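J.: Before I ask anything, here is the structure I am working with.
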Amino acid sequence: MTCPPTSWSIPNFPKMATSKKKKMPVREETQDVENDSAMAVPSSAIPPPNISSIKNKMRRTQEFIKLKRQRRKEKKELQKKKKREAEALGDEAPPKKVPRTIENMRVFDETMVDPQDEEVLHDEAHDEMASYFTRDTRPKVLITSSDRPRSTTTRFLKELGQCIPNSEIYYRRGLDLKKVIPQALSKEFTDIIVINEDRRKPNGMLLCHLPDGPTAHFKISNVKLHDEIKRAPKSTEHHPEVILNNFNTRLGHTVGRMFAALFPHDPQFSGRQAVTFHNQRDFIFFRHHRYLFKNNKRVGLNELGPRFTLKLRSLQKGTFDSKFGEYEWVHKRHEMDTSRRKFFL
Amino acid sequence: MNALYVDHLETFPSQNPPARKMAASMQHVYVGAATGVFKGVNLAKKTATNFQNVASLSKEEEICAMCWGNQQESQVCVGLKNGLVKTFDAEQGEFTDCTNCAGGEGRFTGLAKYQESLVTCVESGLLRVWKDEDKVDIEVGKDVCRMRQNHARPHQVATGGKENELKLWDIQQPEKPIFKAKNVRNDFLDLRVPVWVTDLQFLSEQKLVTCTGHRQVRVYDPATPQRRPALSVELGEYALTALSVTPDSHSVIVGDSQGSMVMVDLRMGKVQKAFKGFAGGIRSLQCHPSLPLVASCGLDRFLRIHDINTKEMLHKVYLKSKLNCLLFSSADFTQEQTETAKKQKRKLESSNLTEEDEDELWGSMSVVQDSKKADKTKRKSKSKKLKKPK
């Protein structure tokens, strides 16, 4: 029997092709199982017909559905097989493979802080926020906005004022920030928060630590106020607990300390309120919750107050001076955003 | 190119003196930090060492200025915020001398050595030559930002600051400056151009180049009767904070407060190259005297070495504290680098195995067979064996 020519094209007649394929392997096995003679063409050599070459749309979709079904079936079988093998091996089973995520593929950062690093501890003990951590100063926050704020921003300011204890909201009446700072210093404020507004929404935050502390500029996104959060209860005047997650690098430490310095030292646990600054992939998520422990293991959370996302744009040494001040860190998009797995906080 | 630098935390001088000596050998860059830590970096071996016990430092011991103590570059004079000037000996690896150079108000803006005596300048404008018998005082004007010494003519010193024009002084004639620069003409709105000299360098024997906080780079020639700058270039958007002249004296590298480092050609008056990789403001820059390298340090706690010609970042060292000033030694460390690289290569190549031993090694290893069918049968049999008895 002559074998079919290798240039035999199998266009729109899938059924005929399969029937031809069935004949060949039977004859092969009777002759020789292992030898691949040059004349015999095993079924695996003929590639399966490419579905996209079928011109008829209905038939093409049917073939595709069949293909997907087959693939799903194979995948499930493979999974079951692996599971069976793992169970059969018991202890000897190979460890479960951990899927790769952007967080665990993060580019190595030399500035990750080692908690026992003497030099970093010394640096932090002598930085601008040290007076808060040694309990020499108590936080007093001045909250203001850009000039002529709209309703959303004023509501945001009020909610922030409720969330941060010992804070005062002042309207900005066209005053220069550089002139606001000496006035704030004379009134013994420790921090200034300026919410910048654009297109009727808050879009930027400037956090300036006084008297000579760093100035951090953030981009705000995804603001949800108290009214927009479903079933949100009213917050009380209790001092909240502050939770800072994932501020691991040296820059992250500085920013984390700035946030911590906004809130009073001793939280009032009877109020059961917690403020969380969660850093993930350089985005800082702010949440304000009231918690209730139902039993030892289960907690109920009720979200209060505003919810927003921050992203650090620059950290400037000294009080606000964007023109002549020296910057500790500036986000440079084209240089720093080259890798999806590189983060700075 | 980012090498992992090993940090040795040095202990007090009383402990481990031989280790200290070894570590002190041949530091290529000395860096002073804002916390007061004095560090040395060896670029060939890729190590960074602290020469003090970090815990014992206070905020008043912040390093403000540094200069070489002698021509051989084996001593470094370090000026601290509280007015002390310590001398560090490179061979011994510790601070050997400490003199109280307090006078005037403010931090040190410049340190120099003239005929074995220290020349210091503080922010309030007091320039003093600390001789043992008498002290020569020069009032330079207030708000001084920088003072530098002319290496070709050590008796000449230049100062400049905020609303304090560039002045060239001769230590031997302290009454009047040799050269006092004049401000440029009023700008197109007929407004006076503000003056703020942040850093200055001597270009050649006579010429001076300054960079200002208002983003200008200016070249002055005291030899000519013209007191206005021969060249004034305006660059960038942010205040320039550091300046260094390249070895060929035709161009200058400037750094600004947001971390952009740029090379300016002085003949054309244009920006030639920009160096990348900075995250924070640059506080100090220095070009190597002979090699085409530039070292920079700043507020982002990194020391970076760039190649001037290729713009490539050769070394990036994380030094944990904000860095204030640096000194680049004139030693040629690229030879050392190639030597260490060669040594490593030789180690890899010359293994103790001979050819016969290698053949034996390969022969003793089992042959890996590529048989899928065999595996399948094996698996089947395995699963048959390990089935749990019911």
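The values are calculated or read from the model by the stated rules, or taken from the named source; none is laboratory data. Given the structure is predicted, the values throughout are model-derived calculations rather than measurements. Cβ atoms come from the backbone with ideal geometry, glycine included; neighbour counts cover every protein chain shown.
J.: Just the residues that are hydroxyl-bearing (Ser, Thr, Tyr) and under 18 Å from residue A:325 (Cβ atoms), please, taken from the stretch B:248-271. Spell out the reasoning first.
T.: Taking the stretch B:248-271 as the starting set, the residues that turn out to be hydroxyl-bearing (Ser, Thr, Tyr) are B:249, B:251, B:257, B:260.
Scanning the stretch B:248-271 gives B:257, B:260.
J.: Another question, if that's okay. If a residue counts only when it is at pLDDT 95 or above and crowded, with 21+ Cβ neighbours inside 10 Å, which strands (runs of 3 or more DSSP E) contained entirely in the stretch A:117-227 have at least 1 such residues? Break it down into steps so the answer makes sense when it comes.
T.: On the way: elements: A:141-145, A:167-169, A:191-198, A:201-209, A:215-224.
Output list reads A:141-145, A:191-198, A:201-209, A:215-224.
J.: So, one more: Considering only the stretch B:235-288, give the strands (runs of 3 or more DSSP E) lying wholly within it that have at least 1 residues that are under 20 Å from residue B:150 (Cβ atoms) and among the aromatic types (Phe, Trp, Tyr). Let's see the steps before the verdict.
T.: On the way: elements: B:240-245, B:251-256, B:261-265, B:270-275, B:282-287.
Output list is empty.
J.: Tally time: how many residues in the stretch B:129-155 are assigned to a strand (DSSP E or B) and surrounded by fewer than 18 Cβ atoms within 10 Å (Cβ to Cβ)?
T.: Taking the stretch B:129-155 first, the residues assigned to a strand (DSSP E or B) are B:129-130, B:135-139, B:144-149.
Keeping just the survivors that are surrounded by fewer than 18 Cβ atoms within 10 Å (Cβ to Cβ) gives B:130, B:135-137, B:139.
Within the stretch B:129-155, residues that are assigned to a strand (DSSP E or B) and surrounded by fewer than 18 Cβ atoms within 10 Å (Cβ to Cβ) number 5.
J.: Now for a different question. Just to be sure I understand the filter: pairs with C-beta atoms under 7 Å, separated by 6 or more residues or on different chains, first member in the stretch B:217-240 and under 19 Å from residue B:156 (Cα atoms), second member among the basic types (Lys, Arg) and in a loop (DSSP other than H, G, I, E, B). Which pairs pass?
T.: B:219/B:207; B:220/B:207; B:221/B:207; B:227/B:182
J.: Here's something else I'd like to know. So for the stretch B:276-283 (the condition being more than 14 Å from chain A (Cβ to nearest Cβ) and either under 19 Å from residue A:332 (Cα atoms) or surrounded by fewer than 24 Cβ atoms within 10 Å (Cβ to Cβ) (or both)), does at least one residue qualify?
T.: As a first pass, look at the stretch B:276-283 and keep what is more than 14 Å from chain A (Cβ to nearest Cβ): none.
Scanning the stretch B:276-283, I find no residue that is more than 14 Å from chain A (Cβ to nearest Cβ) and either under 19 Å from residue A:332 (Cα atoms) or surrounded by fewer than 24 Cβ atoms within 10 Å (Cβ to Cβ) (or both), so the answer is no.
J.: Taking residue A:87, is it modelled with pLDDT of 95 or more, loosely packed, with under 14 Cβ neighbours inside 10 Å and among the acidic types (Asp, Glu)? Steps first, answer last, please.
T.: Numbers: modelled with pLDDT of 95 or more: no; loosely packed, with under 14 Cβ neighbours inside 10 Å: yes; among the acidic types (Asp, Glu): yes.
When the stated conditions are applied, residue A:87 does not pass them.
J.: Considering only the stretch A:316-330, state which residues are more than 8 Å from every other protein chain (Cβ to nearest Cβ) and part of a strand (DSSP E or B). It would help to see each step written out before you state the result.
T.: Just the residues of the stretch A:316-330 that are more than 8 Å from every other protein chain (Cβ to nearest Cβ), to begin with: A:316, A:318-322.
Correct list: A:316 only.
J.: In addition: Scan (1) more than 28 Å from residue A:120 (Cα to Cα); (2) in contact (Cβ under 8 Å) with a residue 24 or more places away in the chain; (3) in contact with a strand residue (DSSP E or B) (Cβ under 6 Å, 6 or more places away or on another chain); (4) away from chain A (no Cβ under 14 Å) for the single condition residue B:311 breaks and write down its number.
T.: It is condition (4) that residue B:311 fails.
J.: Report, ordered by the first and then the second residue, all pairs with beta carbons closer than 6 Å, sequence separation of six or more or different chains, a first member in the stretch A:148-174 that is touching a residue at least 24 places away in the same chain (Cβ under 8 Å), and a second member that is part of a helix (DSSP H, G or I).
T.: Pairs that qualify, where the first residue is touching a residue at least 24 places away in the same chain (Cβ under 8 Å) and the partner is part of a helix (DSSP H, G or I), are A:159/A:226; A:167/A:161; A:169/A:157; A:169/A:161.
J.: For the stretch A:328-343, give me each residue that is out of contact with any Lys or Arg (no Cβ under 9 Å at 6 or more places or on another chain) and surrounded by 16 or more Cβ atoms within 10 Å (Cβ to Cβ).
T.: Once the filter is applied, which keeps residues that are out of contact with any Lys or Arg (no Cβ under 9 Å at 6 or more places or on another chain) and surrounded by 16 or more Cβ atoms within 10 Å (Cβ to Cβ), the stretch A:328-343 yields only A:329.
J.: So how many residues does the stretch A:252-294 have that are assigned to a strand (DSSP E or B) and either of a type in the set (Val, Ile, Thr) or over 21 Å from the mean Cα position of the chain (by Cα) (or both)?
T.: Initial filter on the stretch A:252-294 (assigned to a strand (DSSP E or B)): A:273-280, A:283-293.
Next cut, either of a type in the set (Val, Ile, Thr) or over 21 Å from the mean Cα position of the chain (by Cα) (or both) only: A:273, A:275-276, A:284, A:290-293.
So the count comes out to 8.
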